[in-house]
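All remarks here apply to the structure that follows.
Nothing in this text is a laboratory measurement; each read-out follows from the coordinates by a stated rule. Keep in mind that this is a model prediction, so the values were computed, not measured. Virtual Cβ from ideal backbone geometry, glycine too; neighbours counted across all protein chains shown.
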Amino acid sequence: MERVTGIELMIVLSIFAIIALIVIDAFQRHLANAKLRTAARQITADFNYYENKAKSEGRLYTIFFNTAAPNSYTISAPATRTLGAVKVTRTLSGGIACIADVNSTGSKSIRLKQRGLLAHYDITLSLQHNSDKNFR
């Protein structure tokens, strides 16, 4: 009957450790990417919802990305004769932060007009996770 030597046991354990490291790294990347996709979906849903509200209510909505707390943004609209003011703050969870200028003037706000058109700016919104993965 042959016995397992210490060297053979060390080789097998080393192989298992390498495989475990690969699997753990892949899983962490998957989680970070899932959090980025969730944040992008949240912003897109709010953007579409308030764009439609701007059209239907006939008033200006502004989405402001906070530089002091880059994981949050505020949606606001002024009061009208028939509608009250709106101010909603959303927080991006999971270590996600907005890191880029939203338009060419350096402003971090997006204005949704009554006709549903944006202010005439190019929009580049970047989200970043703690692991430095970007989603645009």
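Just a few scattered comments:
- Cut-off 17 Å (backbone N to label point 7 Å along Cα→Cβ of Thr80), residues of the stretch 30-74: 49-63
- Distance-filtered residues of the stretch 1-41 - backbone nitrogen under 17 Å, label point 7 angstrom along Thr91 Cα→Cβ: 39
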